[in-house]
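The values are calculated or read from the model by the stated rules, or taken from the named source; none is laboratory data. Computed from a prediction, not measured in an experiment: that's the story for all the values here. With ideal geometry, Cβ positions are generated from the backbone for all residues, glycine too; neighbour counts draw on all protein chains shown. Quick note on the areas: whole protein, heavy atoms, side chains included, nothing else; ligands and nucleic acids left out. Shrake-Rupley method; radii C 1.70, N 1.55, O 1.52, S 1.80 Å.
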Amino acid sequence: MLRLRRSVLRAVARRGATPEEMELMHKLAKLTDQERRRLINDFIDEAFEGLDVGPEFVAKMRAAMPELPHDPTPGQSDAWVELAELVQDPAFRAGVRKAAAYQAKDRALGAGEDVAANQALVDLVLSRAGAALAAGISPVAAVAAPVLDELAGAFAEFFGRPDGPEFRAWLLERMENGNDPRYERYWQLIGQINGWPAQPALGPAFGWLTEALRAG
């Protein structure tokens, strides 16, 4: 509890919080395990209620609860305070629900339900776009075209649609809607609190692909 209070004080100092914000953050620091789970479940309920995003996806969200240790590290305490603020942000909640609506629409069309194929697609973006980033290839450069063609073709196959300008415009809209760094930050914070191994960052590679689609 002492470390949580120190985390609150650090957050207050960084942000120059108002008295109202300071009071809220102190309340966040004093929540019980059950209250922390309720806070996350309330966020999940609001984001996904009434949308068919798939039972496996919702189960994964509900299974990934922040389990703050009795004696958390400073990093875990800071992560909890940031996570609690994030899930209460109306803009973040609205963005997640908008992305969930896209996911529900895909399911209604029978597209994108293969979990293994979805992971393979993510891995391909990390590999190919990640390599382009590491090589310093600009997503708007002509030499980026083969990478874009390969990735767009893989997405088209995944969604069962022909590749082409119409599909790429549709894919760009999806990417722009779903490439909010706060989504990935949510999972990073859960992982940090729970002591999970760090996962490769998705944002840079998917950001590269989004820019390539926009330029193409």
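Quick notes on this structure:
- Cβ-defined net charge surrounding residue 152, 9 Å radius [Lys, Arg +1; Asp, Glu -1]: -2
- Shape category assigned to segment 66-216 from the gyration tensor of Cα positions, a/c cut at 1.5: prolate
- Net dipole in debye of segment 128-181 [+1 Lys, Arg Cβ; -1 Asp, Glu Cβ; about Cα centre; nearest 20]: 100 debye
- Share of carbon and sulfur in the accessible heavy-atom surface of segment 134-216 [1.4 Å probe, %]: 59 percent
- Euclidean distance of C-alpha centroids, segment 128-160 and segment 170-188, integer Å: 17 Å
- Charge context of residue 139, other residues only, Cβ under 10 angstrom, K/R +1, D/E -1: 0
- When the P(r) is computed for segment 122-208, the part past 15 Å accounts for 64% of the Cα-Cα pairs.
- Assuming charge only on the beta carbon of Lys and Arg (+1) and of Asp and Glu (-1), the dipole of segment 94-178 about its Cα centre is about 320 debye to the nearest 20.
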